[in-house]
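Before any comments, here is the structure.
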Amino acid sequence: MSDGRERILGAIRKSLKRGPLDSNTAAQLRGRVAAHQRNLIPARAMALDHAGQVDLFITMAGEVQATVARVGSLAAVPEAVADYLAAENLTAELVVAPDPNIDAIPWEARPLLRIRRGRAEGADKVSLTPCHAAIAETGTLMLISGRETPTTLNFLPDTHIVVVRRDQVVASYEDALDRLRADRASDKLPRVINFITGPSRTADIEQHIELGAHGPRCLHIVLVEDGGAIGSAEDDEQRNAAAQ
Amino acid sequence: MLATSRDFEANARAGLANDNLQRALGLARSGFPLRRQLAVERLPEFDRLREIGRSIKDHTLEHLDFYLELYESKVVASGGKVHWVRTPEEACAAVLQICRSVGAKIVTKGKSMVAEEMGLNEFLEANGINPVETDLGEYIIQLRREPPSHIIAPAIHLMKEQVAETFRTAHRSLDSERSLIEPRQMCDEAREVLRPRFLSADVGITGANFLVAETGSSIIVTNEGNGDLTQTLPRVHIVVTSIEKVVPTLEDAATLLRLLARSATGQEFSSYTTISTAPRRPADLDGPEQYHVVLLDNGRSALLGTDFQDMLRCIRCAACLNHCPVYAAVGGHAYGWVYPGPMGAVLTPSLIGIEETGHLPNASTFCGRCESVCPVKIPLPKMMRHWREREHAKKLSPPVYRTGLFLWARVARRPALYHALAEVASRVLGWTGQYRGRFRSLPLATGWTAVRDMPAPEGRSFHSLWAKRHK
């Protein structure tokens with residue numbers, strides 16, 4: 001198809017009445033791309049301090065029918081998860097991301113929770129994952145794919161539980177992207193970045209909004225106020241190195 | 001897809017007479033514009049974002065060759081492949097070749113308007129491959145073998161009773177006595193029926209809302225999660241998309257994403273915005289092993305540098321459809337091809353030729369709402385006028401209309417004659433209409449009076465009243 005490539009590029013240049021860009025213009029454009037220049041970002045979240053951003057995140061997530069439980073520390077996560085599953089009348093079986101952040105949660109405190117680590121399969125009902133950032137502007141979670149965070153966990157089960165550390169809350173999509181770039185050694189993106197705003201929904205029949213079209217019917221966020229036990233991305237890398 | 005746009009008049013009449021369609025459009029008319037309005041009011045920066053969105057797209061189009069080459073180099077560097085195709089036929093062939101290379105039998109599909117342009121489903125079926133639409137609306141119309149009637153709500157022309165009937169006919173293995181009254185039940189049924197298809201598909205095909213040159217990524221925006229299951233579970237992910245979808249950076253995409261959901265459904269952000277970059281990495285536990293992009297031109301490159309270049313800014317939000325009084329009256333099928341509404345009236349002649357698309361640029365009251373809600377400020381009414389000029393210049397409009405226009409132009413260029421005739425007409429119509437105040441029918445204007453009355457003038461022309469007052 002290289003023929004198609006040359007013909008399409010040729011047709012574009014012919015319409016624009018020029019040849020390939022001169023090296024100066026091309027260098028300028030490459031500079032524009034490399035700069036990650038931000039456009040206008042709404043003041044809604046940018047104008048708030050971090051505590052305000054956390055509150056806004058919770059409000060906005062609630063508006064799109066996500067549920068939020070706030071817990072003091074990681075030690076309280078197993079209880080919060082068990083309580084949620086019981087209240088929703090759900091099975092106490094979880095498939096969880098094989099991620100050191102999730103492994104650091106003291107699951108043994110709730111021995112009745114049956115936990116499998118790995119990707120999701122068709123029969124899994126409830127999944128639990130970490131996130132990479134939580135965006136206050138619209139109550140949006142940013143999750144990335146990787147060996148420790150398979151994407152199927154975010155879409156196959158009926159219920160998706162996401163553990164969010166308070167310090168992962170940022171104002172905007174741009175902040176979340178910057179955090180992602182800073183956390184990665186190479187400039188290569190993960191295979192997938194999922195921005196998730198509430199559970200799956202459709203309005204395809206008579207504009208009735210129904211939750212759980214194909215993805216999760218329920219999105220539950222456990223917000224950990226003191227995430228200190230997990231720490232920064234740098235700590236994570238050290239833990240990974242120790243585990244290997 | 002075969003166009004029936006030439007038959008717009010007959011299609012529109014059929015739409016007006018279709019009770020189910022009229023009820024369904026009634027629901028859409030009130031819902032979409034109100035939700036958009038509320039979302040826009042909550043974001044004080046919305047109008048400035050529109051201006052920035054427009055300049056991002058304009059900048060990209062001016063340097064489209066550069067950004068497409070950069071995009072391709074990034075896709076290749078991360079292990080994907082770009083197939084450049086000029087026509088729908090070449091695009092279908094590229095998809096088929098990929099499907100055959102992995103022996104695919106079942107292909108799941110996320111919603112894609114470019115795939116509709118390609119007529120991809122019919123083509124795959126003819127070649128022994130089973131394409132399964134997974135967006136709820138697309139699934140419903142695939143079962144009914146209908147084209148979409150709206151670019152983001154493809155089954156918007158249907159009432160729930162029609163959907164229930166379709167499901168009863170299609171899902172024969174389910175209990176025939178089951179209740180199918182509420183949308184919730186139909187939604188659950190589609191979820192149940194489609195889940196095994198997701199899990200067994202060999203290839204997943206999605207469209208793209210944006211392509212990012214900086215990273216070689218494709219972005220899809222959905223609410224159901226079907227697009228993500230479609231592209232995560234099979235061994236191969238094919239993105240079918242078109243050349244004008246590219247933007248320079250993730251930051252540029254973020255700005256356009258702020259405009260897209262609000263303009264489309266009035267959501268702050270869609271449930272799922274997914275940035276995909278190439279196939280699975282060595283240690284990943286899931287994701288496709290192959291990532292292909294079929295990149296279609298189909299007449300778009302020829303629009304650059306013309307009166308219609310601005311149309312390439314379109315981000316397919318459907319705000320112009322949702323706010324168009326003509327669309328709201330006749331529905332999407334009347335437009336006869338892939339893209340309905342104001343954006344379709346401009347884009348369809350651009351892509352398949354004004355000869356094929358007859359009345360579409362005339363399917364407008366020129367009320368201007370489409371332009372006023374467009375997130376990237378495309379001057380849609382102006383471009384419809386450009387098409388009308390070309391239709392006239394190519395002598396494609398009906399002879400009666402052309403003769404009438406010719407006579408009117410002769411008179412209008414002679415002010416004295418024009419004023420005299422206008423005065424005579426006002427007096428005659430004013431006198432004959434003084435009793436009722438309106439006309440039920442008028443010679444030469446029966447097309448207009450067939451569906452409404454013509455108000456009678458009050459007896460003098462505006463010019464003569466003006467002249468009298470300023471004497």
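The values are calculated or read from the model by the stated rules, or taken from the named source; none is laboratory data. The shown structure was predicted, so the numbers you read here are calculated from the model rather than taken from an experiment. Here Cβ is always computed from backbone atoms with ideal geometry, including for glycine, and neighbour counts include all displayed protein chains.
Numbers below:
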| read-out | value |
| --- | --- |
| Spans of helices (runs of 4 or more DSSP H) in the range B:376-471 with at least 3 residues surrounded by 15 or more Cβ atoms within 10 Å (Cβ to Cβ) | B:380-393, B:415-432 |
| Flag if A:Leu21 is assigned by TED's automatic domain parsing to the domain that holds A:Ala176 and assigned to a loop (DSSP other than H, G, I, E, B) | no |
| Condition met for B:Gly53 (touching a Leu at 6+ places or on another chain (Cβ under 9 Å) and more than 7 Å from every other protein chain (Cβ to nearest Cβ)) | yes |
| Qualifying positions in the range A:1-29 - under 35 Å from the mean Cα position of the chain (by Cα) and more than 8 Å from chain B (Cβ to nearest Cβ) | A:Ala27, A:Gln28 |
| Lone unmet requirement of (1) touching a Pro at 6+ places or on another chain (Cβ under 6 Å); (2) over 26 Å from B:Cys317 (Cβ atoms) for B:Lys81 | (1) |
| Answer from A:Pro111, A:Pro106 - the residue that is over 20 Å from the mean Cα position of the chain (by Cα), in contact (Cβ under 8 Å) with a residue 24 or more places away in the chain and over 27 Å from B:Leu43 (Cα atoms) | A:Pro106 |
| Residue under evaluation A:Arg38, criteria (1) within 22 Å of the chain's Cα centre (by Cα); (2) within 11 Å of chain B (Cβ to nearest Cβ); (3) part of a helix (DSSP H, G or I), criterion not met | (3) |
| Residue among B:Arg54, B:Arg35 that alone is surrounded by 14 or more Cβ atoms within 10 Å (Cβ to Cβ), more than 25 Å from A:Ala203 (Cα to Cα) and not small (Gly, Ala, Ser) | B:Arg54 |
| Criterion (within 12 Å of chain A (Cβ to nearest Cβ) and β-branched (Val, Ile, Thr)) met by exactly one of B:Ile151, B:Ile156 | B:Ile156 |
| So B:Arg13, is it free of Cβ contacts under 8 Å to residues at least 24 places away in the same chain and either surrounded by fewer than 18 Cβ atoms within 10 Å (Cβ to Cβ) or farther than 26 Å from B:Gly353 by Cβ (or both) | yes |
| Failed item in (1) of a type in the set (Asp, Glu); (2) farther than 28 Å from A:Glu174 by Cα; (3) free of Cβ contacts under 8 Å to residues at least 60 places away in the same chain, with A:Glu88 passing the rest | (3) |
| Scope the range B:280-308; condition in a loop (DSSP other than H, G, I, E, B) and more than 7 Å from chain A (Cβ to nearest Cβ); matching residues | B:Pro282, B:Pro288, B:Glu289, B:Asn298, B:Gly299, B:Arg300, B:Thr306, B:Asp307, B:Phe308 |
| Any hit, the range A:50-73, residues being closer than 17 Å to A:Asp167 by Cβ, in a loop (DSSP other than H, G, I, E, B) and away from chain B (no Cβ under 12 Å) | no |
| Residues satisfying the stated conditions in the range A:141-193, i.e. more than 17 Å from B:Gly225 (Cα to Cα), assigned to a helix (DSSP H, G or I) and hydrophobic (A, V, I, L, M, F, W, C) | A:Ala176, A:Leu177, A:Leu180, A:Ala182 |
| Within the range A:198-214, considering residues that are in contact (Cβ under 8 Å) with a residue 12 or more places away in the chain and of a type in the set (A, V, I, L, M), the one farthest from the other protein chains (Cβ to nearest Cβ) | A:Leu211 |
| Filtered residues of the range B:100-123 (kept if without any contact (Cβ under 8 Å) to a residue 60 or more places away in the chain, farther than 15 Å from B:Thr206 by Cα and either of a type outside the set (D, E, K, R) or in a loop (DSSP other than H, G, I, E, B) (or both)) | B:Ser101, B:Phe123 |
| Filter result for B:Glu146 (surrounded by fewer than 20 Cβ atoms within 10 Å (Cβ to Cβ), of a type in the set (Asp, Glu) and free of Cβ contacts under 8 Å to residues at least 12 places away in the same chain) | no |
| Residues of the range A:138-176 satisfying the condition of being touching a Lys or Arg at 6+ places or on another chain (Cβ under 6 Å) and either more than 7 Å from every other protein chain (Cβ to nearest Cβ) or in contact (Cβ under 8 Å) with a residue 40 or more places away in the chain (or both) | A:Ser145, A:Pro150, A:Pro157, A:Asp158, A:Glu174 |
| Tally of residues being part of a loop (DSSP other than H, G, I, E, B) and either facing chain A (nearest Cβ under 7 Å) or out of contact with any strand residue (DSSP E or B) (no Cβ under 9 Å at 6 or more places or on another chain) (or both) across the range B:234-266 | 4 |
| Residue ID - surrounded by the fewest Cβ atoms within 10 Å (Cβ to Cβ), chosen from residues in the range A:191-205 that are within 18 Å of the chain's Cα centre (by Cα) and of a type in the set (Val, Ile, Thr) | A:Ile193 |
| Lone unmet requirement of (1) surrounded by 24 or more Cβ atoms within 10 Å (Cβ to Cβ); (2) of a type in the set (Val, Ile, Thr); (3) more than 7 Å from every other protein chain (Cβ to nearest Cβ) for B:Thr273 | (3) |
| Positions within the range A:82-93 being touching a strand residue (DSSP E or B) at 6+ places or on another chain (Cβ under 6 Å) and part of a helix (DSSP H, G or I), in sequence order | A:Tyr84 |
| Residue match in the range A:25-42 (condition: small (Gly, Ala, Ser) and within 30 Å of B:Leu43 (Cα to Cα)) | yes |
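Residue-wise test of (1) surrounded by fewer than 24 Cβ atoms within 10 Å (Cβ to Cβ); (2) within 8 Å of chain B (Cβ to nearest Cβ); (3) within 28 Å of B:Gly80 (Cβ to Cβ).
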| residue | (1), (2), (3) |
| --- | --- |
| A:Leu180 | yes, no, yes |
| A:Ser186 | yes, no, yes |
| A:Leu189 | no, yes, yes |
| A:Asp226 | yes, no, no |
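Yes or no, residue by residue, for (1) assigned by TED's automatic domain parsing to the domain that holds B:Glu116; (2) of a type outside the set (A, V, I, L, M); (3) touching a helix residue (DSSP H, G or I) at 6+ places or on another chain (Cβ under 9 Å):
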site: B:Val294; (1), (2), (3): yes, no, yes
site: B:Asp307; (1), (2), (3): no, yes, yes
site: B:Cys314; (1), (2), (3): no, yes, yes
site: B:Leu321; (1), (2), (3): no, no, yes
site: B:Tyr327; (1), (2), (3): no, yes, yes
site: B:Ala334; (1), (2), (3): no, no, yes
site: B:Val338; (1), (2), (3): no, no, yes
site: B:Gly341; (1), (2), (3): no, yes, yes
